[in-house]
1. Taking the criterion of being within 10 Å of chain B (Cβ to nearest Cβ) and of a type in the set (Ser, Thr, Tyr), would at least one residue in the range A:199-222 satisfy it?
2. Looking at the range A:169-177, can you tell me whether even one residue there is open to solvent by less than 20 Å² (accessible area, probe 1.4 Å), over 25 Å from A:Pro76 (Cα atoms), away from ligand 1 (no atom under 16 Å from the Cβ) and within 14 Å of another protein chain (Cβ to nearest Cβ)?
3. From A:Leu141, A:Leu145, grab the single residue that is away from chain B (no Cβ under 14 Å), within 8 Å of ligand 1 (Cβ to nearest atom) and either in contact (Cβ under 8 Å) with a residue 12 or more places away in the chain or within 18 Å of the chain's Cα centre (by Cα) (or both).
4. From the list A:Met85, A:Met109, A:Met117, which residue is surrounded by 15 or more Cβ atoms within 10 Å (Cβ to Cβ), in contact with a Gly (Cβ under 8 Å, 6 or more places away or on another chain) and assigned to a helix (DSSP H, G or I)?
5. Might you let me know whether the range B:60-78 holds any residue that is touching a residue at least 60 places away in the same chain (Cβ under 8 Å), surrounded by fewer than 16 Cβ atoms within 10 Å (Cβ to Cβ), more than 16 Å from ligand 1 (Cβ to nearest atom) and of a type outside the set (Lys, Arg)?
6. Can you tell me how many residues in the range B:23-80 are in contact with an Asp or Glu (Cβ under 9 Å, 6 or more places away or on another chain), outside any helix (DSSP H, G or I) and farther than 30 Å from A:Glu179 by Cα?
7. Kindly list the number of the only condition in (1) surrounded by 15 or more Cβ atoms within 10 Å (Cβ to Cβ); (2) part of a helix (DSSP H, G or I) that fails for A:Leu20.
Amino acid sequence: MHSKVWDSIFRSKLPINTNLDRSLVIFNSLTLHIHPVKVREKAIKFSYTFYLGMISFFLFIILIVTGVLLMLYYQPAIPNAYENMKDLQYVVSNGMFLRNLHRWAAHLMVISVFLHMIRVFYAGAYKPPREFNWVVGVVLLVLTLLLSYTGYLLPFDQLSYWAVTVGVNLIQYIPVIGEKTKFLFLGGHEIGEYTLVRFYVLHCVILPLVMVLLIAFHFWRIRKDGGLH
Amino acid sequence: MCSYKTESNNENKIKRRKFLSIVGNSATGLVTFGALAVTIDFLSPNVIKERPPKFKVGPIQNIQPDTFIYEPEYRVFVVRDGNGAFYAISAICTHLGCNVKWIDSNIRNDSSVAIACPCHGSKFNRKGEVIEGPAPKGLQRFRIKLSDDDLIVDTSDIVSEEEMYLKV
Ligand code: HEM
Ligand code: FES
């Protein structure tokens, strides 16, 4: 156990006896670091957070893993996209399972992020000094919804097409910049090849990247704001 | 060193630090704005593979009064009314862009519902005028012309109700 390699990875020396040892375990661990060295018992009780934030984060990890795997069989082109999805379901081994995992995790993430927000609201955990983390949270919720929305176009079936038609037409109602913004999103006047590639890049690169950075910031702020309220 | 003296003596003069920071911030602002403009420009495609705006229907002898033809690729209804006049209206709902559907082609008056949208229930009469929301305005009307025996519909030429009819 106490080889040089082990010690280089895990800084805390075993056995753990004193309070200092215990706090060093938290201090030296990236994942436990989300909590301050000393926490009130109430703040880490399951019934306080219902682990909803962590559940959201875990679902996001599942989405990244399954999403990257799906990318290996998916081409953002017409008509390839639709055919690829059918192949994933009926030709690729365990493809249907993978696709369903990705889809269900996405649905669940929207639900869990929303419940997390409600939890924070009812606990009054948005109050100073945590106001800014609430704002970061709102952006995370919007990103979660945008990821769902951009992912919805990718199978390129009838449902995708009309849902995105309706959604993009909503943008058109923005005064002054509406028409131009819609044109930029579509890369044309109606959904086409460019739209599919744009949504693909947003879904697979830009939005997840921003999401990862903001989640990191969200977690760092929890710690800096003095741990859970 | 001499500048230090004049600065402290003359309050109205811009201090060197302030001057440099104005120059620096303006340069940064300019570059940011430029980068944004160039990026938006980049994101607007110059060549789009979309179909040409005009299409042909016909010959007109085959289209009976009080019937319509649906052109799915262009999402346009070409209608021949009871008087034999032609007009073309868009099948794109003015609410959020779903395809509207002709639900009753036997309508003879303008006050009843001829066309409906499956998405949020907008209703239109046979001329494309709104009978029930949420659609904010009537379906678009396109100019229609005769060329030999065929009708040419120009989806880039949107016309008023008076101009929409082609009498033959
Ligand atoms: C991608 C979405 C999100 C993830 C992964 C996430 C993750 C987390 C985690 C792991 C915690 C620790 C406590 C817990 O598990 O409940 C937390 C706390 C917090 N979250 Fe989020 N969150 C997300 C979205 C949001 C949203 C939508 C809001 C509100 C608009 C929000 C506001 C907060 C606040 C204020 C705290 C501190 C709570 C306290 O001190 O008790 N978060 N977040
Ligand atoms: S799109 Fe037709 S009613 Fe909403």
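1. No.
2. No, the conditions are met nowhere in the range A:169-177.
3. Details: A:Leu145 fails: within 8 Å of ligand 1 (Cβ to nearest atom).
So the residue among A:Leu141, A:Leu145 that is away from chain B (no Cβ under 14 Å), within 8 Å of ligand 1 (Cβ to nearest atom) and either in contact (Cβ under 8 Å) with a residue 12 or more places away in the chain or within 18 Å of the chain's Cα centre (by Cα) (or both) is A:Leu141.
4. Only one candidate qualifies: A:Met117.
5. yes
6. Of the residues in the range B:23-80, 6 are in contact with an Asp or Glu (Cβ under 9 Å, 6 or more places away or on another chain), outside any helix (DSSP H, G or I) and farther than 30 Å from A:Glu179 by Cα.
7. (1)
One line per residue, one yes/no per condition, for (1) of a type outside the set (Ser, Thr, Tyr); (2) within 20 Å of the chain's Cα centre (by Cα):
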residue: B:Ala85; (1), (2): yes, no
residue: B:Ser90; (1), (2): no, yes
residue: B:Cys93; (1), (2): yes, yes
residue: B:Arg126; (1), (2): yes, no
residue: B:Ala135; (1), (2): yes, yes
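The values are calculated or read from the model by the stated rules, or taken from the named source; none is laboratory data. Not measured: the values here are computed from a predicted model. For neighbour counting, all protein chains shown are included, and Cβ atoms are generated from backbone atoms with ideal geometry for every residue, glycine included. To get the accessible areas, we keep the full protein, side chains included, count just its heavy atoms, and leave off ligands, DNA and RNA. Shrake-Rupley method; radii C 1.70, N 1.55, O 1.52, S 1.80 Å.
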